[in-house]
Each structure stands twice: as structure tokens, then as C-alpha cells.
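So the structure is just underneath, and the comments pick up after that.
The values are calculated or read from the model by the stated rules, or taken from the named source; none is laboratory data. Nothing here was measured: the structure is a model prediction, and the numbers come from that model. Backbone-built Cβ (ideal geometry, glycine too); neighbour counts: all protein chains shown.
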Amino acid sequence: MPANSPLGTSDDSAGGRAPAIDIGISGEDRKQVADGLSHFLADAYTLYLKTHNFHWNVTGPMFNALHVMFEAQYTEQWAALDETAERIRALGFNAPGSYAEFTRLSSITEEPGLGDTADWREMVRQLTVGNEAVCRTARKVLKVADGAGDDPTVDLLTQRLQVHEKYAWMLRSLLQ
């Protein structure tokens, strides 16, 4: 393919090598956004695990309502994790995918197990705090993405903010 082709490739790419990423965002900006998204993904994955754990282990008078609510939340969160990881890949970087990476990158710390006397109020409190942490991380990355002109990431994070702010509000309402 000629060097001036609309695809921006040259004859060198015909040898099986992929062309350089040229999506209108500089390599440094793509790296900063991908790094931020990796932190966001780690927070979101940690929250997903905690939500799923609480779905399994909730007991007490709020069992049915919380069991159903937690399931709806972790199911929605699971699908969103894939969207975030795929955005990191589209920017040209590997998405984190191990517990060690998520632990290192997440702002949500693992809290001690709830033991045999798991209190639904503590579960709801932890999930409220977790959803708010995901929101704070999303806002930081959104600013970086906006500054880089990365509209798809801005859109993704705006959607995630709407979801996690709603979850935090709904959970907090149970404790008021």
C-alpha cells in the first residue's frame, strides 16, 4: 500500500507488522489515559468482587431485597469491566488482569472478612463507600481523558459515573 494511503500505512506494513496506532491522540496522552483506566478498572473489579461476595453472604431481615439488589449490581458491573478493559486495549496498552495488579492499583482496600456474623448494614456501608471510591477515580481519569481529547473514554466514564453515583445513593438510602 502506498505511503500516502488513507489508512496511513506504508509498504513496510505489508510484511505482517501492524501499523502504529494513529487515532488522533498522542502516545503519551494514550498512556496517561490507559494508566488512569487501569486504576479505574482495579477499583471497579474490587467493588465487583465485594458486591458478589455480599450477594452470596448476606443474611438477616433484608436478605431477599439485598440479595436481589447485589445480584443486579454485580451483573451490571461485570459487563462494564469488559468495556473498560477493551478501551485500554484500544488505546494500545495491556489491561491489568491479576489480583496482584488489582490490589496494587486499587484505591479500595480489602477489608477483613465479615465472619460468621455478617451484618447487612456493614455490607451496605462498604458498598456505598466502594461505589463512591469508583466515582472519585472515574472523575480523575475523566479529566485526563478530556484533556487528551479522548471522547470515547470520557463517554465511558460519564456512563460509569451515572451508574455508581446511583448505586451509592440507593445503598446509602438503606442506612438512613
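Going by what's in this entry, would Tyr99 be described as closer than 17 Å to Ala42 by Cβ, buried (at least 18 other Cβ atoms within 10 Å of the Cβ) and among the aromatic types (Phe, Trp, Tyr)?
No, not satisfied.
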Output for the range 133-176, where each listed residue is among the charged types (D, E, K, R), assigned to a helix (DSSP H, G or I) and buried (at least 19 other Cβ atoms within 10 Å of the Cβ): Arg160
Could you say which residue among Ala42, Ala90 is modelled with pLDDT of 95 or more, surrounded by fewer than 17 Cβ atoms within 10 Å (Cβ to Cβ) and small (Gly, Ala, Ser)? Ala90
Can you tell me which residue among Trp56, Trp78 is aromatic (Phe, Trp, Tyr) and out of contact with any helix residue (DSSP H, G or I) (no Cβ under 7 Å at 6 or more places or on another chain)? Trp56
Among residues belonging to the range 99-158 that are free of Cβ contacts under 8 Å to residues at least 40 places away in the same chain and among the basic types (Lys, Arg), point out the one that is farthest from Ala34 (Cα to Cα). Arg136
Considering the range 67-80, residues that are touching a residue at least 60 places away in the same chain (Cβ under 8 Å) and either over 24 Å from the mean Cα position of the chain (by Cα) or within 16 Å of Arg125 (Cα to Cα) (or both), and then whichever is surrounded by the fewest Cβ atoms within 10 Å (Cβ to Cβ), we arrive at Met69
Give the range 45-66 a look and list any residue that's surrounded by 14 or more Cβ atoms within 10 Å (Cβ to Cβ), in a helix (DSSP H, G or I) and in contact (Cβ under 8 Å) with a residue 12 or more places away in the chain, or say none. Tyr45, Thr46, Leu47, Tyr48, Lys50, Thr51, His52, Phe54, His55, Asn57, Leu66
Hits in the range 117-128 (condition: in a helix (DSSP H, G or I) and either surrounded by 17 or more Cβ atoms within 10 Å (Cβ to Cβ) or touching a Phe, Trp or Tyr at 6+ places or on another chain (Cβ under 9 Å) (or both)): Trp120, Met123, Val124, Gln126, Leu127, Thr128
Ala95 vs (1) in contact (Cβ under 8 Å) with a residue 12 or more places away in the chain; (2) hydrophobic (A, V, I, L, M, F, W, C); (3) not in a loop (DSSP other than H, G, I, E, B): all pass except (3)
